[in-house]
Amino acid sequence: MMKENEALEWIKEASKYGIVPGLDSIRELCARLGNPQKELKFIHIAGTNGKGSVSAFVSNALKHGGYRVGRYISPVIFEYRERIQVDDKMITRKALGELTERIKVVCEEMVAAGLPHPTPFEIETVMGFLYFKEKKCDLVVMETGMGGRLDATNIVENTLVAVLTSISMDHMQYLGDSLEKIAVEKAGIIKPGCAVVSAKQQPEVMEVIGRAVREYIIADTTDIKNPKYGLDKQSFDYGKHKKIEISLAGKYQLENALLAWKVLEALAEKGYPVKEEKIRKGFASVKWPGRFSVVAKQPLFIVDGAHNEDAARRLAESIEFYFTNKRIIYIMGVLGDKEYEKVIAHTHKYAEHILTVTPPGNARALPAYDLAAAIAKVHPSVTAVDSLEEAVEISGLLADKQTVIIAFGSLSFLGRLMDIKASAVGKEAKRNGKSRKN
């Protein structure tokens, strides 16, 4: 049986086959493995921003409601195995090795038959199906990787609810150069007979959804009443439901929570009800690192995965709301194929100083010096640093207890950054404990 490191190495090797939009390859791979996806029921989520948060709210509420819930997420923050979860527990190392070995045999058979080798995302998606089937999941909450219509996850047929989170410009080289074209790709997850729940979208996106399906549910922000905001806890009223509490910070999370609540209402109509008290427990206990997450206090250290224009706009909104007149330092790292100039445009004015980093271990990472050069065109105080450790150390030296440090950009480096910061906080607490004893 493959060990975890061998499995990950083989999956990584498959990346040389690149991104191949289309469902032919995964259809063949699934068929040769017994079509496990046909024995599962899905809540399928597409969108540019908010997929992970909505997925977290929905799956946690379902888990509290007594269902066995599979969850498939992309991208991951801390560890590869986060991608495939059952009831918040990551796929085991043993299962990862066993399933990879099984899939590898089939991939080799496909190549021998003159067919293309499946890509890493196709391999991971099928692995999720096999694991969820093995674990007898009642429901699977599945995020698309990119787009929807030609995304490997769109092989699924038993979609109970198709969910469309906020749709904006991203991955234009694959999805199209207009909001309408991107919306067509995202709306491709809608299947005959499934319920459709969408965030309130731009008019051209709403038009695309209207063409794709006759009836759909809109999570309109005007439904949010009496919002109470905070970094530790937030709440809102929705219809007869008073004071729905969530533990995720960020002004936009109330919109994600409303969308998730409407998804759960649609699921109840499909025969999967969850009692209100269980939904409330699920929402209040959700943890979703890297989304306007408070990592440390005094100084406040926040991480956020704002990596495209829409997410940067939402981050700016949260900064204005929570931190007016605060001294702010940024740690920023991005991928070179993102519209980072637009991210800079929406966020630069709030920072006193900006530190740039190169997201480690990612071939698409924009070098810290190139990012610093782009920022220097609009901001007078920016420094490129050589490592994440250095960024954490320098930000701490520049800050006083009232300063807010915000690390954002590509999700690919935030998990490592959070680990480094947690380690630094632990060492400082230990030092302070010793000094008090002395």
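The values are calculated or read from the model by the stated rules, or taken from the named source; none is laboratory data. Given the structure is predicted, the values throughout are model-derived calculations rather than measurements. All Cβ positions, glycine included, derive from the backbone under ideal geometry; neighbour counts span all protein chains shown. We work out accessible area using only protein heavy atoms, side chains counted, and drop any ligands, DNA or RNA first. Shrake-Rupley method; radii C 1.70, N 1.55, O 1.52, S 1.80 Å.
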**Prompt:** Based on Cβ point charges of +1 for Lys and Arg and -1 for Asp and Glu, what charge dipole magnitude is obtained for segment 53-181 about its Cα centre, in debye rounded to the nearest 20?
**Reply:** 500 debye
**Asked** Whole number please: convex hull volume per residue of the Cα set in segment 146-295, in Å³?
**Response** 126 Å³
**Eligible aspartates and glutamates near residue 338 by straight Cα distance, threshold 18 Å, same-chain separation 8 or greater** = 170, 177, 304, 309, 310, 370
**Prompt:** Which value in Å does the Kirkwood hydrodynamic radius of segment 298-438 take, with 1/r averaged over all unlike C-alpha pairs and then inverted?
**Reply:** 15.3 Å
**Complete:** If unit charges are put on Cβ atoms (+1 for Lys and Arg, -1 for Asp and Glu) and the dipole of the chain is taken about its Cα centre, the option from 182, 261, 36 lying farthest towards the positive end turns out to be 261
**Prompt:** In nanometres, what is the gap between the two model label sites at residue 325 and residue 17, each 7 Å from Cα along Cα-to-Cβ?
**Reply:** 5.9 nm
**Item:** Modelled label reach - residue 1, point 7 Å along Cα→Cβ, segment 61-96 residues with backbone N closer than 15 Å
**Value:** 91-96
**Request:** For the chain, with a Gaussian network of springs between Cα atoms less than 10 Å apart, report the residue from 84, 217, 331 with the top mean-square fluctuation.
**Result:** 217
**Selection from 289, 274, 418 lying farthest towards where the dipole of the chain points positive, charges on Cβ** = 274
**Request:** For segment 323-390, build the convex hull from the C-alpha positions and give me its volume per residue in Å³.
**Result:** 87 Å³
**Request:** Just order 282-294, 49-61 by mean Cβ neighbour count inside 10 Å, highest at the front, would you?
**Result:** 49-61, 282-294
**Complete:** The base-10 log of I(q)/I(0) that the Debye equation returns for segment 55-176 at q = 0.11, 0.18, 0.22 Å⁻¹, one scatterer per C-alpha, is -0.41, -1.06, -1.40
**Prompt:** List the lysines whose alpha-carbon lies under 17 Å from that of residue 401, not counting same-chain residues fewer than 8 positions away?
**Reply:** 297, 326, 421
**Message:** Rolling a 1.4 Å sphere over the protein heavy atoms, what is the accessible area per residue of segment 301-424, to the nearest Å²?
**Reply:** 41 Å²
**Message:** Quick check of the Kirkwood formula: for segment 274-328, what is the inverse mean of 1/r over all pairs of different Cα atoms, in Å?
**Reply:** 13.3 Å
**Request:** Report the equivalent ellipsoid semi-axes for segment 1-85 in whole Å, largest first, defined as the square roots of five times the eigenvalues of the gyration tensor built from alpha carbon atoms.
**Result:** 25, 18, 16
**Item:** Whichever lysines have a C-alpha closer than 17 Å to that of residue 104, once near sequence neighbours (fewer than 8 apart) are set aside
**Value:** 3, 12, 16, 94
**Asked** Which number comes out as Rg/Rh for segment 91-133 once both Rg and the Kirkwood Rh are worked out on C-alpha atoms?
**Response** 1.00
**Asked** Tally Lys/Arg at +1 and Asp/Glu at -1 over every other residue whose Cβ is under 9 Å from the Cβ of residue 135; what's the total?
**Response** +1
**Fill in**
Averaged per residue, the 1.4 Å probe accessible area of segment 74-233, protein heavy atoms only, in Å², is roughly 44 Å²
**Prompt:** Which percentage, to the nearest 5, of the DSSP beta bridges contained in the chain is antiparallel?
**Reply:** 30 percent
**Asked** Each label point is 7 Å from the Cα along the Cα-to-Cβ direction; what then is the distance between the points at residue 200 and residue 268, in nm?
**Response** 2.2 nm
**Asked** Given the C-alpha centroids of segment 1-71 and segment 136-152, what is the distance between them in whole angstrom?
**Response** 6 Å
**Message:** What distance in nm separates the two pseudo spin-label positions at residue 341 and residue 387, each 7 Å out from Cα along the beta-carbon direction?
**Reply:** 3.4 nm
**Of all accessible heavy-atom area on the chain, the percent that carbon and sulfur account for (1.4 Å)** = 50 percent
**Request:** Whenever you get a sec, line up 378, 126 from highest to lowest accessible area (probe 1.4 Å, protein heavy atoms).
**Result:** 378, 126
